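> To start, I am sharing the structure in question, which I have written as structure tokens.
The values are calculated or read from the model by the stated rules, or taken from the named source; none is laboratory data. Just so you know, these numbers come straight off a predicted model, no measurement behind them. Heads up, the Cβs are rebuilt from the backbone with ideal geometry, glycines too, and the neighbour counts pull from every protein chain shown. What goes into the accessible areas is simple: the full protein's heavy atoms, side chains included, and nothing from ligands, DNA or RNA. Shrake-Rupley method; radii C 1.70, N 1.55, O 1.52, S 1.80 Å.
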Amino acid sequence: MHVSDYGWRSDRPTRSQQMFLPYVARQLARTQAKRVLDAGCGNGAFSRLLQERGFSVVGIDCDKNGIELARAHGGEFLELSLYDDPPGCFLNSFDAVVLLEVIEHLYFPARAFRFARLVLKEGGQLIASTPYHGYWKNLAISILNRWDVHWNPLRDGGHIKFFSRQTLTRLAHREGFEIVAVAGIGRIPPFWKSLIMTARKAGKPVAN
């Protein structure tokens, strides 16, 4: 089960998308990636930002409204869930998969990593981000009594998984990725807005 409407109503880049762009572009350039899958592309704005920097980008998302906004500007965008099997033409064909602020919305986040493994070439890279959770940030939220605002349980959809550096990297390793780098991004340490991880497809998934 997944939510199919994440509220995309504008085709403009969000602050988060703009925040991630320099880091993601550097990581892609470092490995000379050319063909990129923007998995969970939303309104397609981040895909367009990467295209403007010379990358060949395909975007997928399960949100129909987001995909319609993305397609209005041209480019290759498919209405496709990370719970689905990737099309045959996707298999082992991408240099990189970008997975920004997606896994926290999934009941089964490992499925996103498995999808990425299937579509990546050997040695291809996965760049994944998710909201940061760590001791000092969690303590500050507790002291300020902001958990109701932070969890926001009255919102349909929203975040349902919450990752630390340890759980994010453990999930990546379990699904057959070798960690290259993990960084905090946005705000100041140790109150980062998000974690962003670069990992390389390597070996085989580790049995649970």
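> How much length, in nm to one decimal, is gained on full extension between LYS121 and GLU68, taken as 0.36 nm per residue of separation minus their Cα-Cα distance? Display every interim value, and only then the final one.
Numbers: separation 53, 0.36 × 53 = 19.08 nm, distance 2.84 nm.
Here the answer is 16.2 nm.
> Pop a pseudo-label 7 angstrom from the Cα along the beta-carbon direction at both TYR83 and ARG12 and give the gap in nm to one decimal.
The answer from the label model is 3.3 nm.
> Okay, moving on. So what does ILE143 come to for accessible area, using a 1.4 Å probe and Å² rounded to 10?
130 Å²
> Any chance you could look up the accessible area of MET19 with a 1.4 Å probe, heavy atoms only, rounded to 10 Å²?
50 Å²
> Here is a follow-up. Taking the Cα-to-Cβ direction at ALA110 and at LEU91 and moving 7 Å from each Cα, how far apart do the two end points lie in nm?
2.2 nm
> Also: For the chain, give the percent of accessible area contributed by carbon and sulfur heavy atoms, probe 1.4 Å, rounded to a whole number.
53 percent
> What's the FRET efficiency of TYR135 with ARG26 using the Cβ-Cβ distance as r and R₀ = 35 Å, to the nearest 0.05? Let's see the in-between values first.
Details: r = 28 Å, r/R0 = 0.81.
Result of the calculation: an efficiency of 0.80.
> Now a separate question. Cα-based Rg of region 61-190 per 2.2 N^0.38 Å, rounded to two decimals? Intermediate results must be reported in sequence, preceding the final value.
On the way: Rg = 16.6 Å, N = 130, 2.2 N^0.38 = 14.0 Å.
Against the empirical 2.2 N^0.38 Å value, I get 1.18 for region 61-190.
> Let me cross-check TYR107: its accessible surface, 1.4 Å probe, with only protein heavy atoms counted, in Å² to the nearest 10?
About 120 Å², ignoring ligands and nucleic acids.
> Then there is this: Could you grab the relative contact order for the chain? Cα pairs under 8 Å, six or more apart, rounded to a whole percent. Each step should come with its number before you reach the end.
Numbers: 381 pairs, mean separation 37.4, N = 208.
Once normalised by length, the contact order is 18 percent.
> Another question, if that's okay. Please give the contour-minus-distance gain from HIS150 to ARG174: 0.36 nm per residue of separation, less the Cα-Cα distance, rounded to one decimal in nm. Walk me through the numbers on the way to the answer.
On the way: separation 24, 0.36 × 24 = 8.64 nm, distance 2.83 nm.
Full-extension gain reported as 5.8 nm.
> How large are Rg and Dmax for region 44-102 when calculated on the C-alpha trace, in angstrom?
Calculated on Cα positions, Rg and Dmax stand at 11.3, 29 Å.
> Taking the solvent-accessible surface of protein heavy atoms with a 1.4 Å probe, what is the per residue accessible area of the chain in Å²?
Values: 10750 Å² over 208 residues.
Computed with neighbouring chains in place, this is 52 Å² per residue.
> Continuing with the same structure: Remind me, what semi-axes does region 80-132 give for its equivalent ellipsoid, largest first in whole Å, using sqrt of 5 times each Cα gyration tensor eigenvalue? Working shown, then result.
Values: eigenvalues 71, 36, 11 Å².
The answer is 19, 13, 7 Å, longest axis first.
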